[in-house]
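Okay, so here's the structure we're looking at.
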Amino acid sequence: MKIKKIKSKIVNLKHGKNCTIIQPVNIYKSKFGKNVFVGPFVEIQKNAIIGKNLHNILYMDLSYGRVIIEMMPNLAPNHIKRIRQLVREKFYDGHKFHNVISGFVAETGDPKGTGVGGSGTKLRAEISGTRFTRGLVGMKRDRNNPDSADSQFFILLGDARHLEGKYTAWGRVIHGMLLMDRMRTGSPSVNPDYIVQMRVASDRGR
């Protein structure tokens, strides 16, 4: 693995505050043969997880940066137990975002990349009163069967209140939504974005 040092950089956050970024970027070859840059804006990432239970934090690395998801075990304990298991098995590594609709949703978690595959284990719905707003992470399922969720999940790119009470919500993006907005749209797109790797934050170093 090569380490490339990047000089200090002042960036302006959307809240109007300046933040100094001093960051090493890890560069390595993915199985797709491309150089992958993992860990942009390290200091901002660290701030996103301060005080959080790392057992409930997922690092989802894309080819152009890291998205951080906070799982919510109080809402969907069985879903989170299964997702954590799949992540530790490296099940999601290399999965495409097979359906991306600008301003609405990005879907992944299908090893076939078609939207009809899964891990082979079905989950009973765990419906809550959570608001389905931008950044929410929920479980995809068959439209006519609420207990058919498997491994596929979606991240909302905008508010979708019409989905409330119909789908299981299990997490929320706490860092990296601007990266999600960069995704190529389509079902699937001509050159879909994909998950380079997905890890539980508390497992780092194991």
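Can you tally the net charge around Leu58? Count Lys and Arg as +1, Asp and Glu as -1, for every other residue whose Cβ sits under 12 Å from the Cβ of Leu58. Before the final figure, lay out the partial values.
Working: positive: Lys52, Arg66, Arg84, Arg88, Arg172, Arg199, Arg204; negative: Asp61, Glu70, Asp203.
Neighbourhood net charge equals +4.
Which far-off residues, 5 or more places away or on another chain, put their amide H under 5 Å from the one on Thr168, with H placed in the peptide plane?
Glu126, Met139
Taking the Cα centre of segment 53-203 as origin, work out the dipole magnitude from +1 charges on Lys and Arg Cβ and -1 charges on Asp and Glu Cβ, in debye rounded to 20. Intermediate results must be reported in sequence, preceding the final value.
On the way: 21 positive and 15 negative charges, 26 e Å.
Roughly 120 debye for segment 53-203.
From the P(r) of segment 115-177, could you give the percentage of C-alpha pairs in the tail past 19 Å?
Details: 543 of 1953 pairs.
The answer is 28 percent, as a whole percent.
Considering lysine pairs in segment 53-203 that are 8 or more places apart or on different chains, how many have Cα atoms under 20 Å apart?
The result is 13.
Most exposed first by the Cβ proxy, i.e. fewest other Cβ within 10 Å, how do Phe104, Phe132, Phe153, Phe97 rank? Can you show the working numbers first?
On the way: Phe104 15, Phe132 18, Phe153 23, Phe97 26.
Placing the least packed residue first, the sequence is Phe104, Phe132, Phe153, Phe97.
Using θ = phi - 60° and the Karplus form 6.51 cos²θ - 1.76 cosθ + 1.60, what ³J(HN,Hα) does each residue of segment 68-78 get, whole Hz, x for Gly and Pro?
Coupling constants for segment 68-78: 10, 10, 9, 7, 10, x, 5, 8, 8, x, 6 Hz.
What are the ³J(HN,Hα) values, in whole Hz, obtained from phi via the Karplus relation 6.51 cos²θ - 1.76 cosθ + 1.60 with θ = phi - 60°, for each residue of segment 105-121 in sequence order, with x given for Gly and Pro?
7, 10, 10, 8, x, 9, x, 7, x, 10, x, 10, x, x, 8, x, 10
List the relative contact order of segment 53-203 as a percent without decimals, with contacts defined as Cα pairs under 8 Å and 6+ residues apart. All intermediate terms of the calculation are to be shown ahead of the outcome.
Values: 371 pairs, mean separation 56.0, N = 151.
Once divided by the residue count of segment 53-203, the mean separation gives 37 percent.
Val105's amide H: which non-local residues (gap 5+, or another chain) put their own amide H closer than 5 Å, with H modeled 1.01 Å from N in plane and none for Pro or chain starts?
The answer is Leu157.
Could you sort 116-123, 167-174, 49-56 so that the peptide with the highest average Cβ count within 10 Å comes first and the rest follow in order?
Ranked by mean Cβ neighbours within 10 Å, highest first: 167-174, 116-123, 49-56.
Radius of gyration and Dmax for segment 53-203's Cα atoms, expressed in Å?
Expressed in Å, the Cα Rg and Dmax of segment 53-203 come to 13.7, 38.
Every read-out reported here was derived from the displayed coordinates using simple, explicitly stated rules and does not represent laboratory data. It should be emphasised that the depicted structure is a prediction, and the values quoted were computed from it without experimental measurement. Neighbour counts run over all protein chains shown; Cβ positions are idealised from the backbone, glycine included.
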